[in-house]
Structures are given as structure tokens and as C-alpha cells.
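J.: Following this message is one structure expressed as C-alpha cells.
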Amino acid sequence: MAANKTQATAQTAADFFLSLDEPRRSECERLAQLMQLATGAAPRMWGAAIVGFGETHLVYDSGRALDWFKVGFSPRKAALTLYLGAEALDDAALMAKLGKHTTGKGCLYLKRLDDADPATLEALLQRSVAKG
């Protein structure tokens, strides 16, 4: 079976953040603090542009298995992409309180971090960590 293309790296999140322009750099630093509080884990780079927190072992129905992070994010050009897991995003009432966002399978997209209600975002992170 082929190895996962996205692996943990030795690059530090702090160095990665320094490579970003403002305001994205400050958003990523704030988001990293929230995720570190939610997981109790330090940030770790996965590939060139994903910051992950905590560790989990995933096994898919197909039998494919991989080591991954519990929650993470990537500062994409169009939006901050938060990797939370599909289970964390299935509470319609909670998602309705979040603010301006879009979702994909297990991903939450925010054009700006300030678009999200802070308390709701923290609740989503806690829910994701508990489910993961």
C-alpha cells in the first residue's frame, strides 16, 4: 500500500508563520493558540503548509491506515482551511451560530478568522477533538 503523501515534517510552525504575509500570519498564530488549547498538543507541520495538532491513527473502510493529526489548518489563498473531521461539523445549530463560512467533507473554510464567532469556533474544536 502506498504511503500517505502528506507526512509530518521537521519544519516548525513558527518558521512557517513567518513566511506568511499579514493579516494571514496573525490569523494563523491566533488559530494555532486555539487549537493548542483544544488539544493540549504543540503545533506540528504536515507537508509544506498544514499545521496539525495532536495525533490519531485512522483506518478507512478500504483498509487504508495512516497517522494523522486530530485537528489542523492550512492558510490557503482563498480561505483558511480547518481540518476538523466530518463528525464535528454535523451539528446544524452550532454551525448556524458560527458566522460566515463554507464546509467540505471534514473541512471548514473561513475567508477570515474574524468571520467566525470565537465561542462557537472553540466549541467546534472541542467537539472535533472529542470525536477524533
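J.: Which lysines have a Cα less than 16 Å from the Cα of K70, not counting those fewer than 8 places away in the same chain?
T.: Filter leaves K105, K131.
J.: Mind grabbing the base-10 log of I(q)/I(0) for the chain at q = 0.10, 0.15 Å⁻¹? Debye formula, identical points on the C-alpha positions, no solvent, two decimal places.
T.: After summing over all Cα pairs, the log10 values are -0.30, -0.69.
J.: Hey, can you rank 39-45, 94-100 by average C-beta count inside 10 Å, highest first?
T.: Values: 39-45: 17.4, 94-100: 14.3.
Top of the packing list down: 39-45, 94-100.
J.: So, one more: Mind ordering 104-116, 12-24 by average Cβ neighbours within 10 Å, highest first? Show your work: numbers first, answer last.
T.: Details: 104-116: 15.8, 12-24: 12.8.
Ranking the peptides 104-116, 12-24 by packing returns 104-116, 12-24.
J.: Filter the GluC sites (Glu not before Pro) in the range 31-132 down to the DSSP loop ones having no more than 14 other Cβ atoms within 10 Å, then list what survives. Mind showing how you got there, number by number?
T.: Working: sites: E55, E87, E122; in loops: E55.
Passing both the DSSP loop test and the Cβ count: E55.
J.: May I ask you to list the aspartates and glutamates whose Cα is less than 14 Å away from that of K77, ignoring any residue fewer than eight positions away on the same chain?
T.: Output for K77: D21, E22, E27.
J.: Once fully extended, how much extra length lies between A42 and R25, figured as 0.36 nm per residue of separation less the alpha-carbon to alpha-carbon distance? Before the final figure, lay out the partial values.
T.: On the way: separation 17, 0.36 × 17 = 6.12 nm, distance 1.74 nm.
Taking 0.36 nm per residue and subtracting the Cα distance, the gain is 4.4 nm.
J.: What is the magnitude of the charge dipole of the range 16-88 about its Cα centre, with +1 placed on the Cβ of each Lys and Arg, -1 on the Cβ of each Asp and Glu, and no other charges, expressed in debye to the nearest 20? Show your work: numbers first, answer last.
T.: Details: 8 positive and 8 negative charges, 29 e Å.
In total the dipole reaches around 140 debye.
J.: Now for a separate question. Count the net charge of all other residues whose Cβ sits under 12 Å from the Cβ of A8, scoring Lys and Arg as +1 and Asp and Glu as -1.
T.: On the way: positive: R44; negative: E55, D67.
Here the charged neighbours net out to -1.
Just so you know, all these numbers are worked out from the coordinates, no wet-lab data involved. All figures in this text were calculated on a predicted structure; none of them were measured in a lab. Reconstructed Cβ throughout: ideal geometry from the backbone, glycine too, with neighbour counts over all protein chains shown.
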